[in-house]
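The values are calculated or read from the model by the stated rules, or taken from the named source; none is laboratory data. All figures in this text were calculated on a predicted structure; none of them were measured in a lab. FYI the Cβ positions are ideal-geometry reconstructions off the backbone, even for glycines, and counts take in every protein chain you see.
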Amino acid sequence: MNQGKFYVTTPIYYVNDRPHIGHVYTTTLADIVARFRRLLGQDVFFLTGVDEHAAKVVDSAKEKGMTPIQWADLNAAVFRETFQKHGFTHNDFVRTTEDRHKTKVREYVAALLKTGDVYLGEFEGWYDAGQEEYVTDTAAQEYKFISPINKKPLVRKKEKNYFFRLSAYRQVLKDYFTSNPKFVMPTARRNEILNRIAEMVDVPISRTGTGGWGIPMPADEQQSIYVWIDALFNYLSFVDTPERRGYWQSGAVHLIAKDILWFHAAIWPAMLVALQKCPGYEWVTLPKQVYTHSFWTRDGEKMSKTLLNFVSIEDMDRYIGWVGQDGFRHFLASHGPLGTTDSDFTDERLIEVYNNDLANTLGNNVSRVANMTNSYFAGVLPVAPAGALEQAAKQAVENYLAAMAELDLAGAIAAGIGLVRAADEYIEKTAPFKMWKDPAKKEGVGPILADLAETLRIASVLLSPVLPAKMEELWKRLGLDYADALKAGRGDFVSWTKWGGLKAGSTIVKGDALFPRFELPPKV
Ligand code: MSP
């Protein structure tokens, strides 16, 4: 198992509005990845934060009668609080208005100016103000000159700009894609990008008329660095310190959604290759992976500002009231749009998944095992686990690791929950509650309960990145100190998932239902 460093990031989110489920979703995924890697014993750095220098931040601030920074401060604080409330374990929450970022970005761009990878030119094209990007002429025609994002007309814009020599990196990128077939995942997304790389042209990386909202171009204060270039650099700038550089070099894993894939899979690595050629930046390596998920829809509809149907902070609070923080995470991770298809969020689906997997399976199994152990053996395992479920546990661990390696969270969860289901079947088959009443069979109950408790222990380790609070509670009941070890950076997946952790004499404390069943309130 790799004990080294691990670096995972989320997009930095625009502060023109408050967070919604889309932002919480990607950050939940990153949190699960970060917790999983810590469980493996790796030294993890998990970065998230906000993207501030967008023109739409200026526009929405104006609507509110505020300055851009006032509005950005307010929303950045809401993002920060929301991420705290959701229990995310990011190591830094960053803002692009911070000096430590702005200084670095100017240094990077200055270095690129020197090598000629950034040069002054003139640009004219169709601009999508909603997405903050120029679209190609072909795309503009396809869209009938209306932004597919905000439905406003595209504008014809002409400006003197600094350009990034993207066209020089076609072959380099192609080679990188070829030698790193998992650079862009899932594979279908990778192919989309590969096809476009051959046609890459130089892109403007500066803007005029931003009214001072943005990072000024080095040596030309009339121009601001384009918000997307500013934003992409966050992944590097915030770990570009002697203490953190090792994380960058371990190979960043960027989690994003399909809307921003081109920037991450083409422009970003090309900029890094260009930077690598600059004196003093030889240490800059390329990211390991850009993992691209799809979108949540709601009740069958795309979430949008016009429909006002975003799953909002308040909605999420309500859901957490219903199924708990971990129940909500479990739904996002097991039924979210991790692959190439969108996923639909409905109240009914959330509750159904929670009741099936967590209340009726995991929670119920915990209660059964704790109840029997307490009724028959005063809560103390009379013998060590025998091994009836050892093979099932081994297989589950293998399946789990294979799934996690592909970021198949639904598969990883299925491995953990599947192991609990196997334990349930074993209870049905052996019926220890009947055996206990039969003097001839009573003796067999101890080993069965020890096996069940041991199986639960292993399943709890597998499920802990998704259900951190509840599994911590379960570990407490089983007398395990894993939570402390994890907090101290001593995760030990291999030994914690090895059969035989619970011994004769281990205690199992009975407690409240871990995942109480929930019924949906009638619709009003
Ligand atoms: N600021 C840029 C990103 C710069 S990264 C260097 C940006 N911000 S954003 O606020 O629009 O966030 C986009 C991201 O939010 C998506 O890539 C995705 O991670 C998340 N989501 C936004 N809406 C979403 C859904 N409906 N479903 C799932 N995730 C989505 O783009």
Quiz prompt | Glu98 vs. criteria within 19 Å of Arg244 (Cβ to Cβ) and without any contact (Cβ under 8 Å) to a residue 40 or more places away in the chain | solution = yes
Quiz item: Restricting the first residue to segment 477-501 and requiring it to be farther than 12 Å from Lys394 by Cα, which pairs with a second residue that is in a loop (DSSP other than H, G, I, E, B) and not hydrophobic (A, V, I, L, M, F, W, C) meet a Cβ separation below 6 Å and a spacing of at least six or different chains?
Solution: Arg477/Gly511; Gly491/Gly41; Asp492/Gly41
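Within segment 296-304, can one find any residue that is in a helix (DSSP H, G or I), more than 19 Å from the chain's Cα centre (by Cα), at negative phi and not acidic (Asp, Glu)?
Within segment 296-304 (the criterion being in a helix (DSSP H, G or I), more than 19 Å from the chain's Cα centre (by Cα), at negative phi and not acidic (Asp, Glu)), the answer is no, since none of the residues qualifies.
Being of a type outside the set (Val, Ile, Thr), at positive phi and surrounded by fewer than 17 Cβ atoms within 10 Å (Cβ to Cβ): is that true of Asp315 here?
So Asp315 fails the test.
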Self-check item: Those residues of segment 287-308 which are polar (S, T, N, Q) and modelled with pLDDT under 95, in sequence order
Solution: Ser304, Thr306
Quiz item: If you go through segment 198-237, how many residues are touching a residue at least 60 places away in the same chain (Cβ under 8 Å), more than 15 Å from the ligand (Cβ to nearest atom) and at positive phi?
Solution: 2
Exercise. Please find, among Thr306, Thr346, the residue that is among the hydroxyl-bearing types (Ser, Thr, Tyr), touching an Asp or Glu at 6+ places or on another chain (Cβ under 6 Å) and surrounded by fewer than 22 Cβ atoms within 10 Å (Cβ to Cβ).
Key: Thr346
Practice problem: Scan segment 26-70 residue by residue and report those that are touching a Gly at 6+ places or on another chain (Cβ under 6 Å) and either near the ligand (Cβ under 10 Å from one of its atoms) or under 13 Å from Leu255 (Cβ atoms) (or both). | Solution: His53
Quiz item: Do you know which residues across segment 373-414 are within 11 Å of Ala450 (Cβ to Cβ) and in a helix (DSSP H, G or I)?
Solution: Thr373, Phe377
Practice problem: Any chance you could count how many residues in segment 207-241 are at pLDDT below 95, of a type in the set (Ser, Thr, Tyr) and either touching a Cys at 6+ places or on another chain (Cβ under 6 Å) or assigned to a strand (DSSP E or B) (or both)? | Solution: 1
Quiz item: Under the condition of being within 11 Å of the chain's Cα centre (by Cα) and surrounded by 23 or more Cβ atoms within 10 Å (Cβ to Cβ), which residue from segment 34-59 is nearest to Phe295 (Cα to Cα)?
Solution: Thr48
Self-check item: Options Ala469, Ala415; residue that is closer than 28 Å to Pro516 by Cα and crowded, with 18+ Cβ neighbours inside 10 Å
Solution: Ala415
Exercise. Check whether at least one residue in segment 125-134 is outside any strand (DSSP E or B), of a type in the set (Ser, Thr, Tyr), touching a residue at least 12 places away in the same chain (Cβ under 8 Å) and within 19 Å of Ala54 (Cα to Cα), and report yes or no.
Key: no
Exercise. Consider Ile12 carefully, then state whether it is within 9 Å of the ligand (Cβ to nearest atom) and either closer than 23 Å to Asp259 by Cα or of a type in the set (Ser, Thr, Tyr) (or both).
Key: yes
Quiz item: Does segment 243-256 contain at least one residue that is crowded, with 22+ Cβ neighbours inside 10 Å, under 20 Å from His53 (Cα atoms) and not β-branched (Val, Ile, Thr)?
Solution: no
Quiz item: Somewhere in segment 457-467, is a residue without any contact (Cβ under 8 Å) to a residue 60 or more places away in the chain and under 24 Å from the mean Cα position of the chain (by Cα)?
Solution: yes
Practice problem: Could you tell me which residue of segment 502-515 is surrounded by the fewest Cβ atoms within 10 Å (Cβ to Cβ), considering only residues that are within 21 Å of Ala393 (Cβ to Cβ) and among the aliphatic types (A, V, I, L, M)? | Solution: Ala504
